[in-house]
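Let me begin by presenting the structure, written as structure tokens, before commenting on it.
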Amino acid sequence: MSPGTRQPGELLAAAAAGDRAALARLLSIIERGGAPAAAVAKLAYGAAPPYTVGITGAPGAGKSTLTNALIREVRTGWPAAEDGGAGAQHDPVDQVAVLAVDPSSPFSGGAILGDRIRMQDHATDPSVFIRSMATRGHLGGLALAVPDAVRVMGAAGLPLVIVETVGVGQMEVDVASAADTTVVVVTPGWGDSMQANKAGLLEVANVFVINKADRPGVREARRDLEQMLELSAPAAWRPPVLTTTATDGEGVRALWQAVARHRAHLVRSGLLASRRRERLGEELRRVLTARLLQRLDDLAAGERFGAAVDGVTSGTLDPYEAADGLLSDLIG
Ligand SMILES: Nc1nc2c(ncn2[C@@H]2O[C@H](COP(=O)(O)OP(=O)(O)OP(=O)(O)O)[C@@H](O)[C@H]2O)c(=O)[nH]1
Ligand SMILES: [Mg+2]
């Protein structure tokens, strides 16, 4: 049977048995949203969540190149944490998924061409699954679609998902904060261009990477980041500032070790569970908001709404009274 005619349950069973076409099909359903996406998402609940590493940063910072290089390290397994061996211990990572998310692009179709090219080292490796996701015009939709996609990948048996997000705006911060460990990639000279969103970056970053370390300005970029970190409130985890040259793999092992240290920190402190709970709460809020907005749209198209507008127009109602009345219809 072609993947197009199979039900979500069958597709998920096939995906869990290693059928990548079935997994890709499930992710397309998630991406399109609506009731079919909710049906797929429902199936994926309850499965063990994969460990999620977010890689975010400005367009062209080298995220895909870095991810490509990182996959090689990932395949060697989780390194022992360098803190006396607590936490992550040489766990094998037999499979890895990459989800490349582009909030600004309405195009996807499986894999953005550029990402295909830059991750081609692994194109024929059956244990590496690479997939792109775009907005399809639904504002805020990705913030809901990405966690669902990650869960589906987990339910399909992928233990580690790397989520690459382009950009540094609020939407990207939302998507990035859906990761267990978030790596923020900057380049020499980044400070001038991203002045506006430094606080947002600081909020989500667990690891900072200055990529393109083969270019001038690394020292200044590092000083910038360190100053920013100095100003932030002391916390149990201080994001390390690493340098990489993704094109030749320089610094990539240290990056993977930093991710492993952060993971060990989360596990040891109990933060992994509490942060995941927090994220689920955030997700529930988003679902609620989306549902409410849908009902509001329905309401605004109805007779009662028209009558309320008439009332406000004729002066028998003020807009606040009218809104309260409509709301009690909606919720009551
Ligand atoms: N000099 C130098 N170039 C790099 C390095 N890493 C990546 N590049 C180059 O930078 C360009 C962009 O790299 P990508 O990996 O596509 O960057 P990206 O952040 O994934 O880009 P988008 O997904 O489009 O936002 C490519 O031409 C890479 O070869 C590096 O460490 N040094
Ligand atoms: Mg990319």
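The values are calculated or read from the model by the stated rules, or taken from the named source; none is laboratory data. Everything numeric in this text was worked out from a predicted model, so none of it was measured. In this analysis, Cβ positions are derived from the backbone assuming ideal geometry, glycine residues included, and neighbour counts consider all displayed protein chains.
Look at the range 203-227: where a residue is within 11 Å of residue 189 (Cα to Cα) and a partner is in a helix (DSSP H, G or I) and among the β-branched types (Val, Ile, Thr), sitting 6+ places away or on another chain with Cβ atoms under 6 Å, you get 210/218.
Which of the helices (runs of 4 or more DSSP H) contained wholly in the range 177-293 include at least 2 residues that are in contact with a helix residue (DSSP H, G or I) (Cβ under 8 Å, 6 or more places away or on another chain) and at pLDDT 95 or above?
252-269
Is it the case that residue 308 is modelled with pLDDT of 95 or more and touching a helix residue (DSSP H, G or I) at 6+ places or on another chain (Cβ under 8 Å)? Judged against the criteria, residue 308 is a match. Could you please find all residues in the range 60-77 being within 11 Å of ligand 1 (Cβ to nearest atom) and either outside the structural domain of residue 243 (by TED's automatic domain parsing) or not in a helix (DSSP H, G or I) (or both)? If the condition is that a residue be within 11 Å of ligand 1 (Cβ to nearest atom) and either outside the structural domain of residue 243 (by TED's automatic domain parsing) or not in a helix (DSSP H, G or I) (or both), then 60, 61, 62 are the ones that fit.
For the range 26-41, taking the residues that are without any contact (Cβ under 8 Å) to a residue 24 or more places away in the chain and more than 19 Å from the chain's Cα centre (by Cα), the one that is surrounded by the fewest Cβ atoms within 10 Å (Cβ to Cβ) is identified as 35. Confirm whether residue 26 is within 16 Å of ligand 1 (Cβ to nearest atom) and touching a helix residue (DSSP H, G or I) at 6+ places or on another chain (Cβ under 7 Å). So residue 26 fails the test.
Does at least one position in the range 53-63 carry a residue that is within 16 Å of ligand 2 (Cβ to nearest atom) and of a type in the set (D, E, K, R)? Give the steps one after another, and end with the answer.
Of all residues in the range 53-63, those within 16 Å of ligand 2 (Cβ to nearest atom) come to 53-63.
Cutting the leftovers down to of a type in the set (D, E, K, R) gives us 63.
Yes, because at least one residue in the range 53-63 is within 16 Å of ligand 2 (Cβ to nearest atom) and of a type in the set (D, E, K, R).
Scanning the range 83-97 for residues that are among the charged types (D, E, K, R) and modelled with pLDDT of 55 or more gives 91, 94.
Consider residue 70 carefully, then state whether it is buried (at least 20 other Cβ atoms within 10 Å of the Cβ) and in contact with a Phe, Trp or Tyr (Cβ under 7 Å, 6 or more places away or on another chain).
Values: buried (at least 20 other Cβ atoms within 10 Å of the Cβ): yes; in contact with a Phe, Trp or Tyr (Cβ under 7 Å, 6 or more places away or on another chain): yes.
Judged against the criteria, residue 70 is a match.
Condition test on residue 287, is it closer than 22 Å to residue 179 by Cα and surrounded by fewer than 19 Cβ atoms within 10 Å (Cβ to Cβ)? So residue 287 passes the test. Do the conditions hold for residue 108, that is, is it at pLDDT below 75, in a loop (DSSP other than H, G, I, E, B) and within 11 Å of ligand 1 (Cβ to nearest atom)? No; evaluated as a whole, the condition is false for this residue.
Quick check: is even one residue across the range 1-9 at pLDDT below 90, farther than 24 Å from residue 180 by Cβ, of a type in the set (A, V, I, L, M) and not in a helix (DSSP H, G or I)? Walk me through it before giving the result.
Within the range 1-9, the first condition is being at pLDDT below 90, and the residues that meet it are 1-6.
Narrowing the set further to residues that are farther than 24 Å from residue 180 by Cβ leaves 1-6.
From the residues that got through so far, the ones that are of a type in the set (A, V, I, L, M) too are 1.
If we keep only those that are not in a helix (DSSP H, G or I) as well, we get 1.
Scanning the range 1-9 turns up at least one residue that is at pLDDT below 90, farther than 24 Å from residue 180 by Cβ, of a type in the set (A, V, I, L, M) and not in a helix (DSSP H, G or I).
Residues in the range 228-247 that are touching a residue at least 24 places away in the same chain (Cβ under 8 Å) and exposed (fewer than 15 other Cβ atoms within 10 Å of the Cβ) were compared, and the one that is farthest from ligand 2 (Cβ to nearest atom) is 236.
Could you tell me whether residue 100 is at pLDDT 60 or above and surrounded by fewer than 21 Cβ atoms within 10 Å (Cβ to Cβ)? Criteria not met by residue 100.
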